[in-house]
Amino acid sequence: MQKSILQRVPKKLNSDAGFIKIVAMTSMLIDHVGYVFFPYIPEMRIIGRIAMPLFCYGIMMGSIHSKNLFRYALRLLVLFLISQPFYMLALNHRISEMNVLATLLLGLIGIIGIQKRKYGSQFWLPFICLILAAAQQMDYGWRGVLLILLMYLTRNSRGGMIALMVSFCLYWGTGSSEITMLFGIRIKPALAPGSFLYPVSGMFFSFLRLQCMAILSLPFIIFSTNTEVRVPKLISYLMYPGHLLIIWLLSLAV
């Protein structure tokens, strides 16, 4: 059994879980602070795009290393329930809009189905998770669940992970806002439709969209950092609801 588990551990991707958690939590905090207090600073939202792919990657890695997947899923469920009120208060969401932990939980359940392979669970359970994520509004929705599942399927190939992230981020960005300015400088030139540079400019800047910037998370996934930093489990689990609570309280004070 131990040998089969070791064979599933990605050899070509970053296994520095503590460092990845710190980067994911930091970029998430910057994103939410920017969303609530500094919506006019696009750089904070761009940095925030790093967080979700790293959380998805963390779920994938956790599904490999966890000794008890059902207990892991239960912890995510409890954390989701605890976080939902703070998610609604801090980020101004309705009760019908679920926080990102619902997305991460469904991704994990889909992976469990693939791993267990009971009664064809590797097919129907991921499908059900995707349907649920599409039917119920939640942060990142079925796209987030799909990214987790695809990360698990490409976990043993660095090239596969790179191709996945590039294609997924380009697709992800099609419905997001366009990035036209950085650090107060306009990066998209105002060209007349008749200009010979107009088609080239339109083609290039069609990829420069907010959600496409999730590609900035790729180096943290494919390059080993080996910092050996450890993040206590209590901090890992309390960070999400805790930072939302603080943001809400600060917004009341401001």
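FYI, it's all coordinate maths here, none of it is from the lab. Fair warning: this is a prediction, and the values are worked out from it, not measured in the lab. So basically every Cβ, Gly included, is an ideal-geometry build from the backbone, and we count neighbours across all protein chains shown.
Over the stretch 74-114, one equal point on each Cα, no solvent: what is log10 I(q)/I(0) by the Debye formula at q = 0.14, 0.29 Å⁻¹? Listed by q, the Debye log ratios stand at -0.32, -0.94.
Taking max minus min of the alpha-carbon positions on each principal axis, the chain gives extents of 64, 46, 40 Å, largest first. Using a simple spin-label model with pseudo-atoms 7 Å out from Cα toward Cβ, R230 and Y35 lie 3.2 nm apart. Restricting attention to the chain, lysine pairs at least eight places apart or on different chains and with alpha-carbon atoms under 20 angstrom apart total 12.
Under the combined filter of DSSP loop state and at most 13 neighbouring Cβ atoms within 10 Å, the stretch 62-126 retains these trypsin sites (Lys or Arg not before Pro): K67, R94, R117, K118.
Averaging the sequence gap over all C-alpha pairs within less than 8 Å and six or more residues apart, then dividing by the number of residues, gives the stretch 18-122 a relative contact order of 23 percent. Residues W248, W172 in ascending order of nearby Cβ atoms (within 10 Å, fewest first): W248, W172.
For the stretch 68-179, taking Cα atoms only, Rg and Dmax work out to 15.1, 47 Å respectively.
Over the residues of the chain, the helix contribution to mean residue ellipticity at 222 nm works out to -21500 deg cm²/dmol, using -39500 (n - 2.57) for each DSSP H run of at least 4.
The order of the peptides 46-52, 165-171, 101-107 by mean Cβ neighbours within 10 Å, most packed first, is 101-107, 46-52, 165-171. Taking label positions 7 Å along the Cα-Cβ direction at both I131 and N156, the computed distance is 3.0 nm, reported to one decimal. Note: relative contact order over the chain, using C-alpha pairs below 8 Å and six or more positions apart, is 29 percent.
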